[in-house]
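Peer 1: The following block contains the structure, expressed as structure tokens.
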Amino acid sequence: MSVRIISDSGCDITQSEAKQLDITVLPLKTRIDGKDYLDGVTITTEEFYEKLEHCKELPTTGQITPTEFANAFRPIVETGDQAVVITLSGKLSGTAQSAMLAASEAGGVIWVVDSGTVTLAQGILVRYAERLQDQGYAGCEIARELERVKKRVCLIARVDTLEYLIRGGRLGRTAAIAGTLLQIKPVLSVENGEVKVLGKARGSRQSNNMLTEFIEKKGGIDFSMPTMLGYSGLDDALLKGYIDNSRALWEGRLSELPVTMIGSTVSTHAGPGAIAVAFFANKEEHS
């Protein structure tokens with residue numbers, strides 16, 4: 001009996017990396033100008049950004065259905081194996097509910113963990129699950145451990161442009177115009193499963209400092225656990241600038257910084273030019 005790790009493409013782990021990790025990433029849907037794509041399967045992240053720049057309407061994303069999860073679970077059940085499913089936040093998508101519905105009909109061998117987050121933060125939880133899988137943990141043990149540690153998972157991001165927040169109705173146009181003139185960079189996090197605005201920095205340097213201050217407020221990064229940095233768009237120059245600005249955080253802690261592109265689930269609203277850091281905090285906050 002083996003344990004499979006399954007996630008949705010909201011975790012921003014590519015199909016290529018998923019194959020290397022021996023995990024399954026089921027694609028969410030992305031609709032661009034009336035055409036549907038399977039995230040990471042029939043459209044790459046690079047192709048998404050190319051289309052985002054020229055599309056007439058803001059793209060939309062679609063959840064994974066219970067039937068699609070059931071189809072993924074069927075061979076696992078038939079071979080007598082188990083699976084742990086890590087989904088993006090149930091407050092941001094119906095995908096978690098779809099997974100739970102399909103799992104309820106799979107005979108008690110599928111465990112679903114709502115990550116309570118998305119993108120890089122969801123991805124580091126998936127990577128931790130894969131580590132536990134390699135260590136021989138059973139499915140119920142992995143799910144229990146993920147529920148315990150997910151309270152320590154942190155995600156903070158700096159959005160470079162307000163354009164996509166306007167187009168998605170997340171920000172009033174008057175406020176957005178004023179913000180653009182003042183070079184305001186919103187700093188966002190995910191708390192209790194939902195996107196929260198932590199502050200608005202004036203310029204890139206101040207926003208970089210806010211990211212570092214957030215990390216310090218959380219007690220620092222637990223470098224024994226997976227960590228990930230990411231950027232949206234086709235240019236990673238802004239992320240490189242942040243890394244240079246926060247070099248003291250990373251030097252001597254990691255042999256190399258793990259970096260990935262932020263996919264369509266988040267970038268539909270964040271747009272290109274965002275940078276983000278996901279990590280396990282050294283301390284757990286208690287409510």
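Peer 1: Using a cut-off of 25 Å between alpha-carbon atoms, which lysines can reach Lys218, once sequence neighbours fewer than 8 places away in the same chain are excluded?
Peer 2: Hits, sequence-local ones excluded: Lys91, Lys150, Lys151, Lys185, Lys196, Lys200, Lys240, Lys283.
Peer 1: Continuing with this model, one more query. What list of ³J(HN,Hα) values in whole Hz, one per residue of the stretch 111-128 in order, does the Karplus curve 6.51 cos²θ - 1.76 cosθ + 1.60 (θ = phi - 60°) give from phi, with Gly and Pro shown as x?
Peer 2: Using θ = phi - 60°, the values come out as 10, 10, 10, 6, 5, x, 8, 7, 6, 4, 5, 4, x, 6, 5, 5, 5, 5 Hz.
Peer 1: Which residues does a label at Lys56 reach in the stretch 27-48, if reach means a backbone N under 14 Å from a point 7 Å past the Cα toward the Cβ?
Peer 2: Taking a point 7 Å out along Cα→Cβ of Lys56, the residues of the stretch 27-48 whose backbone N falls under 14 Å are 32-35.
Peer 1: Roughly how big is the stretch 3-150's charge dipole about its Cα centre, with Cβ charges of +1 (Lys, Arg) and -1 (Asp, Glu), in debye to the nearest 20?
Peer 2: Values: 14 positive and 22 negative charges, 59 e Å.
Using Cβ point charges on Lys, Arg, Asp and Glu, the stretch 3-150 gives about 280 debye.
Peer 1: Report the percentage of all Cα-Cα pairs in the stretch 3-150 whose separation exceeds 23 Å, rounded to a whole percent. If you can, show how the numbers build up before the last one.
Peer 2: Working: 3570 of 10878 pairs.
That fraction is 33 percent.
Peer 1: Still on this structure, I have one more. Put +1 on the Cβ of each Lys and Arg and -1 on the Cβ of each Asp and Glu in the chain; which of Ala129, Pro186, Ile86 then has its Cα farthest toward the positive end of the dipole?
Peer 2: Pro186
Peer 1: For the stretch 179-287, what's the radius of gyration and Dmax over Cα atoms, in angstrom?
Peer 2: Cα-based Rg and Dmax for the stretch 179-287 come out at 13.9, 42 Å.
Peer 1: What is the chain's relative contact order, in percent, from Cα pairs under 8 angstrom and six or more apart in sequence?
Peer 2: Details: 552 pairs, mean separation 59.2, N = 287.
Reported as a whole number, the value is 21 percent.
Peer 1: Starting from 0.36 nm per residue, how many nanometres of slack lie between Ser2 and Ser104 once their C-alpha separation is accounted for?
Peer 2: Numbers: separation 102, 0.36 × 102 = 36.72 nm, distance 1.95 nm.
That works out to 34.8 nm of additional length.
Peer 1: Distance between the C-alpha centers of the stretch 227-287 and the stretch 74-102? Whole Å please.
Peer 2: Result: 27 Å between the Cα centres.
Peer 1: Report, in degrees rounded to the nearest 10, the 0 to 90 angle that the Cα long axis of helix 45-54 makes with the longest principal axis of the chain.
Peer 2: In the chain, helix 45-54 runs at an angle near 40 degrees to the longest axis.
Peer 1: Would you mind ranking His269, His54 so that the residue whose beta carbon has the fewest other beta carbons within 10 Å leads the list? Could you put the intermediate results ahead of the total?
Peer 2: Details: His269 20, His54 8.
Listed from fewest to most nearby Cβ atoms, that is His54, His269.
Peer 1: Once each part is reduced to its C-alpha centroid, what is the distance from the stretch 1-67 to the stretch 119-161 in angstrom?
Peer 2: Spelled out, the Cα-based centre of one part sits 19 Å from the other.
Peer 1: Ok, one more. HN-Hα J couplings of the stretch 32-38 from phi, Karplus 6.51/-1.76/1.60, θ = phi - 60°, integer Hz, Gly and Pro as x?
Peer 2: So the J values, rounded to whole Hz, are 10, 6, x, 10, 8, 10, 8.
Peer 1: On to the next question. For the chain, I need the span (max minus min coordinate) of the C-alpha atoms along each principal axis, in Å, sorted largest to smallest.
Peer 2: The principal-axis extents, from largest down, are 59, 47, 34 Å.
Peer 1: State the antiparallel share, in %, of DSSP beta bridges confined to the chain, rounding to the nearest 5.
Peer 2: On the way: 29 of 46 bridges.
Rounded to the nearest five, the antiparallel share is 65 percent.
Peer 1: Run through the stretch 61-143 and list the GluC sites (Glu not before Pro) located in a DSSP loop whose Cβ has at most 16 other Cβ atoms within 10 Å. Mind showing how you got there, number by number?
Peer 2: On the way: sites: Glu68, Glu78, Glu105, Glu130, Glu141; in loops: Glu105.
Passing sites in the stretch 61-143 are Glu105.
All of the numbers you see were taken from the coordinates with simple rules; none came from a lab. Treat the numbers as computed from the prediction; the structure is a model and nothing was measured. As a convention, Cβ positions derive from the backbone with ideal geometry for all residues, glycine included, and neighbour counts pool all protein chains shown.
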